[in-house]
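The values are calculated or read from the model by the stated rules, or taken from the named source; none is laboratory data. Quick caveat, the model's predicted, so the values are computed rather than measured. With ideal geometry, Cβ positions are generated from the backbone for all residues, glycine too; neighbour counts draw on all protein chains shown. Keep in mind that these areas ignore ligands, DNA and RNA; they rest on the heavy atoms of the full protein, side chains included. Shrake-Rupley method; radii C 1.70, N 1.55, O 1.52, S 1.80 Å.
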Amino acid sequence: PQSDGEEMCKAIGSNAKYWNIVENLMLDDNPVLQRADLELISNLMSHPISIAVKFFNFDNKQSKRNFEILVKLLLLDDVKSQRAVAAIFATISNMIPFVTQELLKQEVLIKNAITAFVDQIEDSELIRRLLMLFYALFELAPEESSQSYATLAKIKDLPEMDDLRAALTVLLEQNKTKPNFSETSADENTSSSLTSEDIEVAETVLNRISKE
């Protein structure tokens, strides 16, 4: 049997009237409504079967449009909305491997994610979500003969990747002298409130994207 959450996701995703409202609110001029909508999508993505197709089916015109909107929204001025969008990408990339492979091909997504990471390096909640995304994208080193290897090599050569390497290096340096990360106040939105697990992820990402 499906959980209540799965039933809710299916109900919203399969009802054209409901879903049109969700899509329209992504670009609402009211930042509070927009943020609430993005947070709803982020929550729905915890049961991705019914929702992922609305954003990550690149053979479908409307799905691709929704994806491109989300990519742009990574650069919103409202950091709480940025967190919601980053959570959407972090969740899907860690739950559905074939989607992750497609995301690795999306240069604009990676560039915008890096821009958000560098610009909001002091916001631990956003940084944590983006680290999860980067980890999923770069975690496994593909075989040299695979298409994914060529894609990753191309991504590693993007000028923006130097910015990500530098930001990760700074992040790790800042936290070297803070071994007890979990003791930091939960409402401190600074890099110092990252957990030891976050730091391990950051180290892994930096290692994966380092130039050979």
For this session: For Lys64, indicate whether it is on the phi < 0 side of the Ramachandran plot and open to solvent by 70 Å² or more (accessible area, probe 1.4 Å).
Result: yes
Exercise. Pairs, please: C-beta under 8 Å, at least 6 apart or cross-chain, first residue among the hydroxyl-bearing types (Ser, Thr, Tyr) and in the stretch 50-75, second open to solvent by 20 Å² or more (accessible area, probe 1.4 Å) and not in a helix (DSSP H, G or I)?
Worked result: Ser63/Asn57
Exercise. If a residue has to be over 22 Å from Asp162 (Cβ atoms) and open to solvent by 50 Å² or more (accessible area, probe 1.4 Å) to count, how many in the stretch 114-124 make the cut?
Worked result: 0
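Are there any helices (runs of 4 or more DSSP H) wholly within the stretch 100-210 with 3 or more residues that are over 27 Å from Lys72 (Cβ atoms) and modelled with pLDDT of 85 or more, and if so which?
Here the list reads 159-175, 196-209.
If you take the residues of the stretch 89-102 that are of a type in the set (Val, Ile, Thr) and open to solvent by less than 10 Å² (accessible area, probe 1.4 Å), which of them is nearest to Glu23 (Cα to Cα)?
That would be Ile92.
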Seminar exercise, completed: Residue hits (the stretch 125-139; open to solvent by 10 Å² or more (accessible area, probe 1.4 Å), among the aliphatic types (A, V, I, L, M) and over 8 Å from the mean Cα position of the chain (by Cα)) are Ala136, Leu137
Exercise. Can you pull out the residues in the stretch 26-49 that are in a helix (DSSP H, G or I) and either under 12 Å from Ala84 (Cβ atoms) or touching a residue at least 24 places away in the same chain (Cβ under 8 Å) (or both)?
Worked result: Pro31, Gln34, Arg35, Ala36, Asp37, Leu38, Glu39, Leu40, Ile41, Ser42, Asn43, Leu44
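The rows are residues; the columns are (1) crowded, with 19+ Cβ neighbours inside 10 Å; (2) over 29 Å from Leu172 (Cβ atoms).
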| position | (1), (2) |
| --- | --- |
| Val32 | no, yes |
| Leu40 | no, yes |
| Leu44 | yes, yes |
| Arg83 | yes, no |
| Ala87 | yes, no |
| Asn112 | yes, no |
